[in-house]
Every structure is written in C-alpha cells, then in structure tokens.
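Heads up, the thing below is written out as structure tokens.
Bear in mind these aren't lab numbers, they're just calculated from the coordinates by the rules spelled out. Here the structure is a predicted model, which means the values were calculated and not measured. Note that we place each Cβ from the backbone using ideal geometry, even for glycine, and neighbour counts take in every protein chain shown.
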Ligand SMILES: O=C(O)[C@H](O)[C@@H](O)[C@@H](O)C(=O)NO
Ligand SMILES: [Mg+2]
C-alpha cells in the first residue's frame, strides 16, 4: 500500500462564531467561514481525511513538506513518517507548524481506521466507549445576556448542569474586553458559578494567560477556597520556572502546558521541573494523536493525569483510548450558541453527549467525523 496523493479542498460554511483580536472565539452575526478538508489517498483507493484551518494546511505546506515526505510511502508507517516530518520542521523556517503536523498525522490515522474498518480510539487501545465531558465556556465578553457578568456565568452554569454536564471550565475575560485582565472579576465569576451549581460539580478556571506570579497566586488561593479542581494557564507557559514556583505554592492542581510548543519533549521537562500537577496536550496542537498518546503515557508513568486539550475527533479518540484523563473538553460553549447543532458540513456530531454528561465514542471507522461530502463538494472554493 502506498500514498498516491495528498489534496486539500477549501470550502465555505455558515457560522456564528467569530474571533477577537487575541484569537479567542465569541458569538457574532452569521458569516461565511472557510474550512479545509485534507485528503490522503492511497493506491488502493483508501482515503484518510482531516478537517483543518485552511491556513494551517495551505498549498505551500502540502507541496513543500507533506508530499515530498509522504507520497510513495506506506501510510501505515505513521511513526516513521511523523519522525521524518518532525525533523523537517527544524529547517522549515517555522513554516511547518505543530498544528500542520498534527492534522496530516491525523489523516494517516483516519486512513488506517477506514482501511481496517475500525474506529481510531479502538486502534489506540479502546479503554472506554464513553467519557464524561466538561463544559468549556467561551471567554467572557461584553454582550448583554452573554458572559458579560459573574451572574451571567452563574446562570449559564445552571443551564449546563441541566444539560447534563458534571464539570464546567470557565474561560474568563481577556482583552480586548475593556476591564480585562481582572483577577477580582475572574474570582467573582468563579464564585458565582460555585454558588449556582453547588459543591458536587467539578469546576476549573482557564483565565488570562499572562498574569504575574503574584496575581496567579492570589487567584489560585481563592480557587482553593471555592473547591476548584484545577487552575489552567494563568501565566506565560514559556516560563516553566513560574509554573514550578506557582505549583509549589498552591494546593489546587496546576495543569499544563497547553499552548507551549515542543510536543512531548516540553511536557517531559514540565514533569521533571514539577511545573504542573496534571499534564496537558491536545491532538491538534502537540503534533498529532501519536505525540498526544506519548504525553499521556509519560503522565501515567509519573502517576499523573493528562487532561487532553480541546474538542474534536482526534482528541476524543485519545480520551477514549486512555485511563488517565478524567474529562473530555466539550466546547467552546456560550449562551447564544447551540453546540449540539452540527456544522453544515457534518451530518452529525462526533461528540454527542447524553443527559448524564457522557460523550459516546464514534463507532464509525477512522476518526469518526460524519462528513457531509456533498456539502463540501457543493461549497468548495479552492
Ligand atoms: O485558543 C485558545 O486559547 C484555546 O482554544 C482555548 O480557547 C481553549 O481551547 C482552551 O484553552 N482550552 O483549554
Ligand atoms: Mg486552556
């Protein structure tokens, strides 16, 4: 079996999600967005697919890195192909990103699953066929009735518990919201949510990512009083020393790194430095499903959990495959948006959640995305 071609088609779809100047998503007016469908085709006709941001898998990346390394190769030799691409990264002048590496690697997993008629989460180990989800809110905003006050966070948390969530993670206010960053407001939102949902719902905070050590320490101690389960990315993750200092001064679990590069290598340094109590990695950012599994194994070897970052088929497959992850991150959620409504290019969600807050792993072969190929074809623009 050999890889014959790698293609990307970009298509449009309607969305009410928009990004602010810091790249965080919020609800907005309906607009047309673009998504890329990356397809790896083998010589026997088997295909592997991933959905990715068009800029991440743009033609230059496909032609300069993906095709020279993958075309003509056996698609089942994922580790060898991943190592080759990973080594090309150094000479790519930062053009071959870890997200690009993640998406092409995921397409190889999807191809393997489709060829073997098996869901990827079972190929990875198949630890469980359903996982508890936490509701991960969008960042705060200044939209009346949205997430503009602590009370609105509390009310939204009540609706999430009614939907079935047994855990909720708050992303609080960040610039460009006028009063952000604001440690006191962050804590007020956390207190309002704890008051609204009671003591039995697990709560976590993922706040402004550039607080000082002093600000982070104060917030962390307030979260301890509120019985929060973990404290996420309160400071610049490039400063591992700051996280080692914070983790040594707090009882609440400090989790990370999420946005830091370095794949599974940087995660090993964080464990060695005591910079976190819970490791973090997502299949879309750490270099793909394989590196994400390596981080999970590293965490397990040190008696730690690895809380997988982000929603989506690939991260969900990892969560379904391993024991040492307590939650699937389902989101991002907002009072104005219905997460349970699949995007126009999907026939159904890859992460449906029942009324007990359990997400059921897909039984479809491959990653399990239920892609509406007719929609993609009809709305392809390049
Ligand atoms: O863009 C981001 O910072 C992330 O996507 C973020 O919104 C969210 O996914 C996160 O931090 N999860 O933990
Ligand atoms: Mg986060």
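A few remarks follow.
- Length-normalised contact order for the chain - Cα pairs under 8 Å, 6+ apart - percent: 20
- Counting 0.36 nm for each residue step from residue 7 to residue 178 and taking away their Cα separation leaves a gain of 57.3 nm.
- Of the residues 136, 25, the one with the fewest other Cβ atoms within 10 Å heads the list, and the complete ranking is 25, 136.
- Listed residues 186, 340, 200, most fluctuating in the chain (Gaussian network, C-alpha, under 10 Å): 200
- For the chain, share of DSSP beta bridges that run antiparallel, in % to the nearest 5: 55
- Each residue in 12, 137 was given a count of other beta-carbon atoms within 10 angstrom of its own, and listing them fewest first yields 12, 137.
- At the listed q of 0.10, 0.11, 0.13 Å⁻¹, the Debye profile of the chain, built from one uniform point per Cα, gives log10 I(q)/I(0) equal to -0.63, -0.77, -1.10.
- Mean separation of Cα contacts under 8 Å, 6 or more apart, over the residue count of region 1-88: relative contact order %: 34
- Gyration tensor (alpha-carbon) shape descriptor, region 132-234, a/c threshold 1.5: oblate
- Cα centroid separation, region 337-351 to region 222-242 (Å): 32
- Taking all Cα pairs closer than 8 Å and separated by 6 or more residues, the relative contact order of region 190-285 comes to 25 percent.
- Tensor-based shape of region 197-340 (alpha-carbon gyration tensor, a/c under 1.5 rounded, otherwise prolate or oblate): oblate
- Residues 60, 127, 211, 153 in ascending order of nearby Cβ atoms (within 10 Å, fewest first): 60, 127, 211, 153.
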